[in-house]
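Engineer: Starting off with a structure, shown below.
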Amino acid sequence: QGCDPFAQTQRSKLQHRRARINQQINKEMRMRAGAENLFRATSNHKVKETVALELSYVNSNLQLLKEELEELNSSVDVYQNDSESISVPMIPLGLKETKELDLLAPLKDFISEHYGEEGILFEKEIKEFMELRQAMRTPSRNEAGLELLMEYYNQLYFLDSRFFPPNKSLGVFFHWYDSLTGVPSHQRALAFEKGSVLFNIGALHTQIGARQDRASLPGLNQAIDAFQKAAGAFNYLKENFSNAPSLDMSSASLNMLVRLMVAQVQECVFEKMTLLRAQHDFLSRLQLAQEAARVEDVYSLVHQTMTQAHVKDYVPFSWATMVHVKSEHFKALSHYFAAIALCDCPAASDAELPEQEKAFIQFHVTMPDGPSLRVLLQDPEERRKLGKAHLKKAIMKHEEAMRIHGLCKILRKMDILQEVLSFAHKRSLSKYSEIDHEEDFFETGDAPEIQPKTHQKPEIKPPSFSQVKVTDLFHRLGPLSVFSAKNKWYPARRVHLRRGENGFGFTLRGDSPVLIAGVIPGGCAAEAGLKEGDYIISVNGKDCKWSKHAEVVQLLKSTGEEGVEIIVITL
């Protein structure tokens with residue numbers, strides 16, 4: 001079951017608005033196409049003027065709708081959890097919307113044409129498939145919702161094998177709307193349907209990841225798992241489905257989404273470190289600083305990807321800004337933790353020195369100017385100087401993060417992010433005033449950058465389709481090895497056989513369906529017109545497509561004087 005499409009949860013209201021905007025965009029685009037055709041076709045100057053006016057009106061409408069959709073895509077806060085703790089919001093994706101699809105007539109026609117069966121006898125199966133498709137349009141935001149999408153995805157494999165021959169189209173169009181721009185696309189290829197469902201599997205994972213309570217360890221682990229699986233779904237889509245007609249499934253867009261998910265995993269790993277490393281020793285704080293530098297590193301890469309020419313135009317501005325803010329914010333945090341390690345932890349004793357020296361050698365990208373490492377680690381005044389340089393850089397980066405945040409109207413409305421940024425900024429400022437001495441006459445130097453390093457590398461987890469077992473809805477058509485869309489066979493033949501002195505005059509092999517392996521010349525089977533390679537699909541009115549070898553032999557043996565009626569097909 002899908003979740004109730006009329007339930008007025010925050011998320012379903014968003015998804016309803018998305019569906020409404022999608023339909024309006026679709027309508028405006030059809031009007032635009034009509035107006036453009038008329039503009040090209042007419043030579044009447046007056047008509048041209050009227051059409052040009054109409055076009056400008058339609059275009060401005062489209063622009064407004066796209067802005068409304070962008071604002072929807074930026075409603076990050078609706079997807080976050082409701083706990084009291086403050087955590088930085090994550091970016092989730094809205095699900096792609098699709099139109100209803102009526103497969104009843106096309107599949108019934110195909111069953112009677114291709115399989116030679118009564119299409120009407122398969123109405124129950126076709127309706128069941130259509131109900132599954134209807135349900136997967138509104139998956140619930142949990143494991144059950146993911147299973148529903150996976151189940152539908154796996155059913156598409158059977159649908160493809162049964163009803164989509166390689167060189168002929170079923171005449172059905174699959175319509176899906178772009179998740180980011182709302183522009184509709186349609187294709188006859190089932191691959192587009194599969195790819196869109198896979199996209200929604202990834203998008204649902206992002207929503208599940210964003211709603212976790214990341215103030216607790218179990219919540220963090222679930223968020224990490226969800227974002228890793230989202231990255232895996234988008235990556236799988238990028239590698240296996242090319243030529244998608246919509247922008248959100250283009251290679252450049254999916255590449256950006258994979259990187260964004262990896263960055264969100266890395267951010268959760270940093271939060272996990274802050275929970276686990278509660279002790280305030282020197283080495284733990286160095287590790288936190290390096291972990292924060294790693295988060296800054298991956299978000300910088302996402303920001304570069306989002307500002308590339310063919311991605312920039314359709315990524316919501318608020319996403320690009322949020323990613324930029326995060327990269328500055330985590331750079332500030334890395335310098336803050338470096339300063340805390342140097343200023344709040346006691347100078348190294350002789351026993352601790354070797355271990356601290358080893359960690360500190362790999363801590364900075366370039367070694368800080370000034371005294372040797374040994375002196376630096378053992379002299380509190382030298383530690384304070386370097387710590388002050390790190391804090392100065394942290395404060396500059398905090399201010400930069402707040403400045404960028406202020407440039408985006410949508411982010412300004414997001415209180416949580418505002419709180420996180422100003423809390424971190426104030427914390428660095430108060431630390432700076434605490435270690436700043438009035439008699440400091442030295443010029444605070446420029447702190448070297450911190451070497452990014454993580455203790456848990458994000459994994460890209462591909463979807464595991466085999467987890468959700470499905471049975472072929474159309475298994476009554478017979479085993480797929482023979483009864484598939486790509487195979488063709490001659491019309492079924494009805495043959496009446498009487499047992500001769502040497503039996504029926506043929507040998508059988510194989511299971512479901514059983515194959516005639518050899519026909520004895522001059523025997524009953526040869527006279528009745530049976531050939532080597534025929535498949536037995538019925539004996540005396542009993543369907544044998546799925547029967548085992550022994551079952552068919554038993555049915556043939558149990559016939560009396562009147563003989564046996566069998567139906568065979570030849571590929």
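The values are calculated or read from the model by the stated rules, or taken from the named source; none is laboratory data. The model shown is predicted, which means the values in this text are computed figures rather than measured ones. Because the Cβ atoms are built from the backbone with ideal geometry, glycine has one as well, and the counts that use them run over all protein chains shown. With ligands, DNA and RNA removed, areas are computed over all heavy atoms of the protein, side chains included. Shrake-Rupley method; radii C 1.70, N 1.55, O 1.52, S 1.80 Å.
Engineer: With a 1.4 Å probe and every protein chain left in place, work out the accessible area per residue of region 282-460 in Å², rounded to a whole number.
Structural biologist: In whole numbers, region 282-460 has 48 Å² accessible per residue.
Engineer: Would you kindly give the portion of the calculated P(r) for region 456-559 that falls above 19 Å, as a percent of all Cα pairs?
Structural biologist: 54 percent
Engineer: How much accessible surface does ARG412 have with a 1.4 Å probe, in Å² rounded to 10?
Structural biologist: Counting only protein heavy atoms, ARG412 exposes about 120 Å² to solvent.
Engineer: From largest accessible area down, sort MET29, MET414; use a 1.4 Å probe on the protein chains.
Structural biologist: In descending accessible area the options line up as MET29, MET414.
Engineer: Please report the relative contact order for the chain, taking Cα pairs under 8 Å with a sequence separation of at least 6, and give it as a percent rounded to a whole number.
Structural biologist: After rounding, I find 13 percent.
Engineer: Which of the peptides 146-152, 217-223 is most tightly packed, and how do the rest follow, judged by the mean count of other Cβ atoms within 10 Å per residue?
Structural biologist: 146-152, 217-223
Engineer: For HIS329, HIS114, what's the largest-to-smallest order of accessible area, 1.4 Å probe?
Structural biologist: From most exposed to least exposed: HIS114, HIS329.
Engineer: Which one of LEU159, THR305, LEU286 is farthest out on the positive end of the charge dipole of the chain, using unit charges on Cβ (Lys, Arg +1; Asp, Glu -1) and the Cα centre as origin?
Structural biologist: So the residue we want is LEU159.
Engineer: Have a look at THR42, MET29, TYR57 and report the one farthest towards the positive end of the charge dipole of region 10-74, computed about the Cα centre with Cβ charges (Lys/Arg +1, Asp/Glu -1).
Structural biologist: With unit charges placed on the Cβ atoms, the residue in question is MET29.
Engineer: Of LYS99/LYS229; LYS99/LYS548; LYS461/LYS545; LYS46/LYS99; LYS326/LYS388; LYS124/LYS238, which pairs sit farther than 31 Å apart, going by alpha carbon to alpha carbon?
Structural biologist: LYS99/LYS548; LYS461/LYS545; LYS46/LYS99; LYS124/LYS238
Engineer: If you don't mind, there's one more thing I want to ask. For the chain, state the semi-axes of the equivalent ellipsoid (square roots of 5 times the eigenvalues of the alpha-carbon gyration tensor), sorted largest first and rounded to whole angstrom.
Structural biologist: 64, 33, 18
Engineer: Let me check against my output: what whole-number percent is the relative contact order of region 10-74, with C-alpha pairs under 8 Å and at least 6 apart?
Structural biologist: Worked out over region 10-74, it gives 45 percent.
Engineer: In deg cm²/dmol and to the nearest 500, what is the mean residue ellipticity at 222 nm of the chain if only DSSP H runs of at least 4 residues count, each as -39500 (n - 2.57), divided by the residue total?
Structural biologist: Mean residue ellipticity, 222 nm, calculated: -18500 deg cm²/dmol.
Engineer: With θ set to phi - 60°, apply the Karplus curve 6.51 cos²θ - 1.76 cosθ + 1.60 along region 390-403 and write out the HN-Hα couplings as whole Hz, x wherever there is a Gly or Pro.
Structural biologist: 5, 5, 4, 5, 4, 5, 4, 6, 4, 5, 5, 4, 5, 5
Engineer: So what's the gap between the Cα centers of region 250-320 and region 544-565, to the nearest angstrom?
Structural biologist: When both Cα centres are located, 66 Å separates them.
Engineer: Next up: With θ taken as phi - 60° and the coefficients 6.51, -1.76 and 1.60, list the Karplus ³J(HN,Hα) couplings across region 352-364 in order, rounded to whole Hz; mark glycine and proline as x.
Structural biologist: Karplus-based 3J(HN,Hα) across region 352-364 equals 7, 3, x, 5, 5, 4, 4, 5, 6, 4, 9, 7, 9 Hz.
Engineer: In square angstrom, rounded to the nearest 10, how much accessible surface does SER464 have for a 1.4 Å probe?
Structural biologist: Rounded to the nearest 10, that gives 50 Å².
Engineer: Just to be sure I understand the curve: with the Debye formula and one point per C-alpha of region 10-74, what is log10 I(q)/I(0) at q = 0.27 Å⁻¹?
Structural biologist: Log10 of I(q)/I(0), two decimals: -1.07.
Engineer: Which whole-number percentage describes the relative contact order of region 282-460, with Cα contacts under 8 Å and a sequence gap of 6 or more?
Structural biologist: Over region 282-460, the number comes to 34 percent.
Engineer: Treating the angle as unsigned and between 0 and 90°, give the value, to the nearest 10°, between the Cα long axis of helix 282-306 and the longest Cα principal axis of the chain.
Structural biologist: 60 degrees
Engineer: Shifting gears a bit: Give me the percent of the accessible area of the chain that comes from carbon and sulfur atoms, probe 1.4 Å, all protein chains in place.
Structural biologist: 52 percent
Engineer: Solvent-accessible area of TRP546, probe 1.4 Å, all protein chains present, reported in Å² to the nearest ten, please.
Structural biologist: TRP546 exposes around 120 Å² with every protein chain in place.
Engineer: Same structure again: At 1.4 Å probe radius, can you tell me the per residue accessible area of region 79-276 in Å²?
Structural biologist: With all protein chains present, region 79-276 gives 36 Å² per residue.
Engineer: Can you sort ARG427, ARG162, ARG374 by solvent-accessible area, 1.4 Å probe, largest first?
Structural biologist: Sorted descending by solvent-accessible area, the residues read ARG374, ARG427, ARG162.
Engineer: To continue, here is another question. When the Cα centres of region 157-188 and region 370-389 are compared, how far apart do they sit, in Å?
Structural biologist: 65 Å
Engineer: Another question, if that's okay. When Rg is the radius of gyration of the Cα atoms in region 243-385 and Rh is its Kirkwood radius, what does Rg/Rh come to?
Structural biologist: 1.13
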